[in-house]
Amino acid sequence: MRALIVQHEHDGPGARMAEHLLDRGFEVDVVQVMSADCTHSEVEFPDPTDYDVIVPLGSVHGVYDHDAIGSWVHREIEMLATAHHNDVPIFGICFGAQAITTALGGWVEKSPHFEIGWYHYDSDVPSAIAPGPWFTWHGDRCFLPEGVTELARTELCPQAFRSGRTVGVQFHPEVDRDLVADWVAKCPPEYFASHGVSADEILAQFDEHGEVAADQATRLFDWFLDEVAR
């Protein structure tokens, strides 16, 4: 079995999702899209039909941010559309979910406000997508096309959806504490203050919720692999 992870940012690895795929017996290939100092990319995406699972990860950019990522985002969206139409299972996380939304005919726009920190959701499938808490960090929202089933939501936007063997989640089930601590350390205090949260609060809540979130992530990944992908 082969899995493809599309890693957009140099500091945004698959983390728990990659580890879970390896534990489940997958050979994992990683395509690195952007470098640490350049959003332009000539990356060539592989043929998605060569894989059993595709996992596009998050990014600090929105899929509509063509001034920054216009050199490659259309190629990724086309690759995901090809995968979906050929029944290749896809699990998109944050930006990955936004790229899936676009590939399926929906659209993405900047949200009225960010969601950063730990959130609970209204879930239609709580045995697979627990109500929470889930770690969340985004400032965009998806508008799902007709025929795509919304599975979880907040008042702001859809948080999870499914179309056939394709699933997208707006939150970050893949993260561990070290990864979040790295992201937090790269943002100044005023960034968090402007969004009504603090770095200390985010990490303190990770200490409080991290074990539960890890268990929830395992259930979510297994549901995708056992019930959606198969």
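No lab work stands behind these numbers, since they all come straight from the coordinates. Remember, predicted model here, so these are calculated numbers, not experimental data. Counting neighbours? That spans all protein chains shown, and the Cβs are built from the backbone with ideal geometry, glycine included.
Extension gain, Asp176 to Asp200, is 7.1 nm, computed as 0.36 nm per intervening residue step minus the present C-alpha separation. Based on C-alpha pairs under 8 angstrom that are at least 6 apart in sequence, the chain has a relative contact order of 18 percent.
Between exposed GluC sites (Glu not before Pro) in the chain, where DSSP calls loop and at most 16 other Cβ atoms lie within 10 Å, what's the longest gap? In short, 45-145. Relative to the Cα centre, the charge distribution of the chain, modelled as +1 at Lys and Arg Cβ and -1 at Asp and Glu Cβ, gives a dipole magnitude of about 440 debye.
Full extension of the segment from Asp37 to Asp207, taken as 0.36 nm per residue of separation minus the current Cα-Cα distance, would add 58.1 nm. With the convex hull of the Cα atoms taken as the outline of region 2-228, the averaged projected area works out to 11.3 nm². With a Förster radius of 35 Å applied to the C-beta separation of Tyr191 and Ser127, the computed FRET efficiency comes to 0.45. Working out 0.36 nm times the residue gap between His66 and Glu146, then minus their Cα-Cα distance, what length gain in nm do you get to one decimal? Gain in length upon complete extension: 26.3 nm. Residues in region 1-42 near a label at Ala214, defined as backbone nitrogen under 17 Å from the 7 Å Cα→Cβ point? Residues passing the 17 Å test: 14-24. Taken one residue at a time, the phi angles of region 170-183 give Karplus couplings (6.51, -1.76, 1.60, θ = phi - 60°) of 7, 8, 10, x, 7, 6, 10, 5, 4, 5, 5, 4, 5, 4 Hz. Gly and Pro are set to x.
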